[in-house]
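*Asks:* Sending over a structure as structure tokens; questions will come in a sec.
Values in this text are rule-based calculations from the coordinates and carry no lab data. All figures in this text were calculated on a predicted structure; none of them were measured in a lab. Positions of Cβ are generated from backbone atoms using ideal geometry, with glycine treated the same way; all protein chains shown enter the neighbour counts.
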């Protein structure tokens, strides 16, 4: 594909290779690494390692990214590895959440710039939104805010985990400061996950994928604000297409904004063919220790994520 660089985008073009078949996001990658007992955010697709970029030693888990060319890694969690091109298939459990073409702004700033005649698709887990944070890292991620529910979580310390458990939201934690104990309530929790950026041209699309289909939802958050000021999971930020927008446009139809909508339609149709991602169900408790704010689960503490049951996707009520 062409390597002509577009003026937008915040990082140099790094093509990770093609993504034209369905990659299955491993169940272990949905386990959230919690920043601390009283922190209100955590990251999917991480492993407890010896990373010196953060106090916990958290590192991106390479198993959570589709196959790629060469070795890619970042010191900062979910800081963006590059884009897949030609990329025409979001991973299983992921869906199209943001889109842009080389000449039409789709309401989201992608981290990696487009070449002429390219379309970019941002793939996020079901229930998540696209987020771009300007600043030091200029990174893009997916995020979802939980105000009630339970999901698999772990904390890292010196490259090791404290044992998997289930984090309840809202959650009350006892904390000792200056010899006195006080309680802290975590009323909401922001989960971040990898955003997979796919690039393609019209010539990359199979002819069998043209036709009239429906957009369900494309939601974005392009903001430098903190998690506390982000929209809730059920909300749609002002940057993207409105939730429930309907269109019956073929992928190959028209130019400009029509082409942008067509690209979104193509990906939404492909994702509808995937089975719905099952919700998390709590495992029976075992004798393994867990953090004070977690329910014990039948998973052993190791320095790398373990395979979880297929129903381990975070559950929000």
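*Asks:* Can you give the extra length, in nm with one decimal, that the chain gains between residue 116 and residue 134 once fully stretched, where that is 0.36 nm per residue apart less the Cα-Cα distance?
*Replies:* Details: separation 18, 0.36 × 18 = 6.48 nm, distance 2.39 nm.
Full extension of this stretch gives 4.1 nm more.
*Asks:* What does the extension gain come out to for residue 53 and residue 173, with contour length at 0.36 nm per residue minus their alpha carbon separation?
*Replies:* Between residue 53 and residue 173, full extension yields an extra 40.5 nm.
*Asks:* If you average the C-alpha positions of the range 24-94 and of the range 128-161 separately, how far apart do those two centres end up, in angstrom?
*Replies:* Each part reduced to its Cα centre gives a spacing of 9 Å.
*Asks:* Using R₀ = 30 Å, calculate the FRET efficiency as 1/(1 + (r/R₀)^6) where r is the Cβ-Cβ separation of residue 148 and residue 71; round to 0.05.
*Replies:* Details: r = 40 Å, r/R0 = 1.33.
Efficiency computed from Cβ-Cβ geometry: 0.15.
*Asks:* Evaluate E = 1/(1 + (r/R0)^6) for residue 160 and residue 183, where r is the Cβ-Cβ distance and R0 equals 30 Å; express this FRET efficiency to the nearest 0.05. Can you show the working numbers first?
*Replies:* Values: r = 27 Å, r/R0 = 0.91.
Given R0 = 30 Å and the Cβ-Cβ separation, E is 0.65.
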